[in-house]
Amino acid sequence: MSQPLLHVRDLSLLYGPEKGCQGVSFDLYPGEVLGIVGESGSGKSTLLSLLSGRLPPQAGSIGYRSKDGEWLDLYSASEAERRTLLRTEWGFVEQNPRDGLRMGVSAGANIGERLMAQGVRNYAQLRGAGLDWLGQVEIDPQRIDDLPRTFSGGMQQRLQIARNLVSSPRLVFMDEPTGGLDVSVQARLLDLLRGLVRELDLAVVIVTHDLAVARLLADRLMVMRRSRVVETGLTDQILDDPQHPYSQLLVSSVLQP
Amino acid sequence: MYVAVKGGEQAIDNAHRLLAKKRRGDTAIPELSVAQIREQLPLAVARVMTEGSLFDEELAALAIKQAAGDLVEAIFLLRAYRTTLPRFSPSLPIDTAHMVLSRRLSATFKDVPGGQLLGPTFDYTHRLLDFSLLAEGAYPGPQTTADARIEACPRVLGLLAKEGLIQNEADDNASVADITRDPLEYPASRAERLQALARGDEGFLLALGYSTQRGYGRNHPFAGEIRIGDVEVWIDPEELGFPVCLGSIEVTECEMVNQFVGSATQLAQFTRGYGLAFGHAERKAMGMALVDRSLRAEEYNEEVVSPAQREEFVLAHCDNVEAAGFVSHLKLPHYVDFQSELELIRKLRQPAEGTRHE
Amino acid sequence: MNDLTQTPARDPAYNFAYLDEQTKRMIRRALLKAVAIPGYQVPFGGREMPLPYGWGTGGMQLTAAILGADDVLKVIDQGADDTTNAVSIRRFFARTAGVATTEATPEATVIQTRHRIPETPLQADQIMVYQVPIPEPLRFIEPSETETRTMHALNDYGVMHVKLYEDIATFGHIATSYAYPVMVDERYVMDPSPIPKFDNPKLDMSPALMLFGAGREKRLYAVPPYTQVTSLDFEDHPFEVQKWAHNCAICGSHESFLDELILDDAGTQSFVCSDTWYCAQRVKENNQ
């Protein structure tokens, strides 16, 4: 029986009555994809910020089991330890790729940065990793020296994914990774993500308001409404047989193609 | 054969002599006196004192004369002099509520207790060059009423505060850092920001304030109150055990009323920006107040989108002594750094030139 | 003492070396902290000096804080004692401190410099004071002071090598020729001031004490004697110093940093030593 990667108990951060999130508890296992769904204002972005170490909670705790098997209490740890985690064992894919990339340096530099931060000092090796990862995220390797602002939105997003995955993280946070992209571009990106997640055995926490994305990527779902988790369970169970009235509303309001 | 050139010292001495000559100009014309500058260029003196961070009208006038009219150079002179002065005692906060007013206005109400006191201002002049000033002559003073008295002028923002419409600025009695003694570190306290803005370049603050009015971080300012006049300066030395008045200085104060904030739990209230300058310096005080409010963006959870709202950008670049120094340092020899760049660019161009021949 | 060393009279209107004793003490405290943490930028309460910011006020405040009556001061700019700013600063200390001044590198106990390290190797009882315009090596990649402070604290220097990578991808070489960033004592990345990269090796394991002052930015830092200082690079693109195809037209040196001079309208070039004292010494020795 494998140990969980993330152990969350009673996590809370409220900005006002029912604004933010409260009383969230769950465990996340290696290789598991957890989707957090709900409409805007439900608290899912706040929850993601808490989980990824960006915002300190008002109550509750987050434990992370690092590569060496030791448990780290995320908010007792120092800022240095959290930042190191975010550069190495964790990844964070921003909704807007411009927030997650260095727009002023080349694609190759963007991908190589994590390796450089970890002490890789061989240019050929860094360039090799850049070419390799561009291939893996289906960007033409000839574009390795191009600036991200010359890329389309979908390409920028794929570059952001490569930039995160180059350090072989065990846990990746994603904030609406397909938001703002055309439907066909979304489909291609989701396909890519699904492949990478399986191949690299990544644990993922993905926030999305789009149930189609949740269906495609997530093993389990947490449905949030007004700062609380109203239902959790396997993705198929929740989407095919929602129990909570709000979940039912969410599922039924999805337009059928 | 090239022989190394010497003679830098002599060149410098000659440069100083030429400067003195340029400053003096045509010797057939009477020399400008420091007293004349002090009396007849009071607004220049005010600027030099404010940005020089030293209230001394005579020294400021001297600096203006020595700087041949270059006010930024004069400000530098005053600042350098200030470094050598011993610190005697901090004063008590000046009380502008009891200012002896020469000018007072508010744009927020048609009439306020005490009224609108125009005072000496360029505001209503027509900007037509007055050629009669080319000739010198006796100046006829204004008509004044023998027993003229100014009515009490309570603070306009105080009137708003009484109704709860604007937040009161609270004095938390915390000790105030002195940015001329200790290095400024970010994030800065409001007191430190106001110190930096008070000695900051008028043009820079004016431009930043202007940019907020044009949409780079709007905060809907109104001129709540502008006051110009004399305030007393008091110190309270430990040895005496009671406060002593040192005299009066002229200051300009501006309080802007800005966009209100509020939430579900807190009733809406106006916010404010504050500006203060030595002497008669209205544009500076107004610009400062606009930028002060702009830098409070984070305090009010406003989105920081413009340069005027970015503390590091504003505070790092508002000091014209620092700015002028660094810009003018480009005049210093840089031939060694440039030589390095020449060597590099020649090297970088080599492979490209090689392939072009293929 | 040779004829290049003079001892002027001190102007009694000023405190020794201009700054008041409290300020000097404050700066020395900051310097001790800097020496204890090699390469770390220590904030200090810099004062306005009679020279403009950007013209050496940081270096001058450090020199003023450490100068004693028995010191011998050398001041150079671009390697020369006779450039106008070096003259100006040397005169300033001659007037306010009355210390002996010299052009001879081995005779000096304190050397204030703008943008060069002397060719003559430094000794254990010498102190170099560098004038620094921008103390933060990360400044051009990250404009925010709050963020760069955090990066130093967390040893978060990946972005430094990103810049070097980008240079190689664009030009085929690292495109920094002066103010070339270094790693000090394997902990802090430091800007060695705008010395040409040619001079970087002189910082490594030097017997002298190196002090760096940035007056406008109000930061000082230090490299204690015998400290490891390595220039950043990649294994397969190692750090290289500049080389010239010419010798010095005056003394014939092939080892020193050379300044390029344009002699006529046709663009005829000549190269001479940047370090004027070193050059003059070699001429003297050649003639003996």
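The values are calculated or read from the model by the stated rules, or taken from the named source; none is laboratory data. None of the values given here were measured: they were computed from a predicted structure. Note that each Cβ is placed from the backbone with ideal geometry, even for glycine, and that neighbours are counted across all protein chains shown. Side chains included, ligands, DNA and RNA excluded: accessible areas come from the protein's heavy atoms. Shrake-Rupley method; radii C 1.70, N 1.55, O 1.52, S 1.80 Å.
Things to note:
- Tally, over the stretch C:102-130, of residues that are open to solvent by 10 Å² or more (accessible area, probe 1.4 Å), of a type in the set (Val, Ile, Thr) and either without any contact (Cβ under 8 Å) to a residue 60 or more places away in the chain or within 28 Å of C:Leu154 (Cα to Cα) (or both): 1
- Selection within the stretch A:217-237: residues that are in contact with a helix residue (DSSP H, G or I) (Cβ under 6 Å, 6 or more places away or on another chain) and without any contact (Cβ under 8 Å) to a residue 24 or more places away in the chain. The member of this set that is surrounded by the most Cβ atoms within 10 Å (Cβ to Cβ) is A:Glu231.
- Residue pairs whose Cβ atoms lie under 8 Å apart, separated by 6 or more positions or on different chains, with the first residue in the stretch C:38-56 and free of Cβ contacts under 8 Å to residues at least 60 places away in the same chain and more than 7 Å from chain B (Cβ to nearest Cβ) and the second open to solvent by 10 Å² or more (accessible area, probe 1.4 Å) and not acidic (Asp, Glu), are C:Leu51/C:Ser88; C:Leu51/C:Phe92.
- Pairs with Cβ under 8 Å, 6+ apart, first in the stretch C:18-32 and within 15 Å of C:Glu48 (Cβ to Cβ) and open to solvent by less than 50 Å² (accessible area, probe 1.4 Å), second part of a helix (DSSP H, G or I) and among the small types (Gly, Ala, Ser): C:Tyr18/C:Ala64; C:Tyr18/C:Ala97; C:Leu19/C:Ala64; C:Leu19/C:Ala65; C:Thr23/C:Ala65; C:Ile27/C:Ala64; C:Ile27/C:Ala65
- Any chance C:Glu260 is out of contact with any helix residue (DSSP H, G or I) (no Cβ under 9 Å at 6 or more places or on another chain) and either among the aromatic types (Phe, Trp, Tyr) or within 19 Å of B:Val336 (Cα to Cα) (or both): no
- Within the set B:Ala20, B:Ala97, the sole residue that is away from every other protein chain (no Cβ under 14 Å), under 30 Å from B:Phe242 (Cβ atoms) and either open to solvent by 80 Å² or more (accessible area, probe 1.4 Å) or part of a helix (DSSP H, G or I) (or both) turns out to be B:Ala97.
- Filtered residues of the stretch C:254-277 (kept if of a type in the set (A, V, I, L, M) and within 24 Å of C:Val75 (Cβ to Cβ)): C:Leu258, C:Leu261, C:Val272
- Residue that is within 14 Å of chain B (Cβ to nearest Cβ), over 14 Å from the mean Cα position of the chain (by Cα) and among the polar types (S, T, N, Q), where the choices are C:Thr109, C:Thr113, C:Thr84: C:Thr84
- Only one entry of C:Gln242, C:Gln288, C:Gln281 meets the criterion of being surrounded by fewer than 20 Cβ atoms within 10 Å (Cβ to Cβ) and under 28 Å from C:Ile174 (Cα atoms), and that entry is C:Gln242.
- Single residue of B:Glu322, B:Glu255 found to be free of Cβ contacts under 8 Å to residues at least 24 places away in the same chain and acidic (Asp, Glu): B:Glu322
- C:Ser270 being within 11 Å of another protein chain (Cβ to nearest Cβ), open to solvent by less than 20 Å² (accessible area, probe 1.4 Å), modelled with pLDDT of 95 or more and out of contact with any Ser or Thr (no Cβ under 7 Å at 6 or more places or on another chain): no
- Counting only residues that are at the interface with chain C (Cβ under 9 Å from one of its Cβ atoms) and part of a helix (DSSP H, G or I), the stretch A:99-129 holds 14 of them.
- Once the stretch C:57-86 is narrowed to residues that are open to solvent by 10 Å² or more (accessible area, probe 1.4 Å), touching a residue at least 60 places away in the same chain (Cβ under 8 Å) and not in a strand (DSSP E or B), the residue that is nearest to B:Leu78 (Cα to Cα) is C:Ile66.
- Among all positions in the stretch B:164-184, there is at least one residue which is touching a residue at least 60 places away in the same chain (Cβ under 8 Å), closer than 16 Å to B:Phe313 by Cα and either hydroxyl-bearing (Ser, Thr, Tyr) or part of a loop (DSSP other than H, G, I, E, B) (or both).
- Qualifying helices (runs of 4 or more DSSP H) (wholly inside the stretch B:255-358; at least 2 residues being within 14 Å of another protein chain (Cβ to nearest Cβ) and open to solvent by less than 50 Å² (accessible area, probe 1.4 Å)): B:311-317, B:320-328, B:335-356
- Set C:Asp156, C:Asp191: member being acidic (Asp, Glu) and crowded, with 19+ Cβ neighbours inside 10 Å: C:Asp191
- Qualifying positions in the stretch B:23-53 - open to solvent by 40 Å² or more (accessible area, probe 1.4 Å) and aliphatic (A, V, I, L, M): B:Ala28, B:Ile29, B:Leu32, B:Ala35, B:Leu41, B:Leu43
- Matching residues, the stretch B:62-94, being crowded, with 16+ Cβ neighbours inside 10 Å and assigned to a loop (DSSP other than H, G, I, E, B): B:Ala67, B:Ile94
- Qualifying residue in the stretch A:55-73 (condition: open to solvent by 50 Å² or more (accessible area, probe 1.4 Å), among the aromatic types (Phe, Trp, Tyr) and assigned to a loop (DSSP other than H, G, I, E, B)): no
- Check on A:Ser168, in contact with an Asp or Glu (Cβ under 8 Å, 6 or more places away or on another chain) and of a type in the set (Gly, Ala, Ser): no
- Qualifying helices (runs of 4 or more DSSP H) (wholly inside the stretch A:171-255; at least 2 residues being within 22 Å of A:Gln157 (Cβ to Cβ)): A:183-200, A:211-217
- Filter result for C:Asp204 (more than 14 Å from chain B (Cβ to nearest Cβ), open to solvent by 20 Å² or more (accessible area, probe 1.4 Å) and acidic (Asp, Glu)): yes
- For beta carbons closer than 6 Å, sequence separation of 6+ or different chains, a first residue in the stretch A:199-216 that is within 19 Å of A:Gln186 (Cβ to Cβ) and a second that is among the polar types (S, T, N, Q), the qualifying pairs are A:Val213/A:Thr178; A:Ala214/A:Thr208.
- Top-ranked residue in the stretch A:93-136 [being touching a strand residue (DSSP E or B) at 6+ places or on another chain (Cβ under 7 Å) and crowded, with 20+ Cβ neighbours inside 10 Å; ranked as farthest from A:Thr208 (Cα to Cα)]: A:Tyr123
- Residue within the stretch B:67-79 that is over 22 Å from B:Leu197 (Cβ atoms), in contact (Cβ under 8 Å) with a residue 12 or more places away in the chain and not small (Gly, Ala, Ser) present: no
- If you go through the stretch C:162-196 and keep only what is within 22 Å of A:Arg82 (Cβ to Cβ) and facing chain A (nearest Cβ under 7 Å), you end up with just C:Val162.
- C:Pro133 vs. criteria open to solvent by less than 20 Å² (accessible area, probe 1.4 Å), within 13 Å of another protein chain (Cβ to nearest Cβ) and within 25 Å of C:Arg28 (Cβ to Cβ): no
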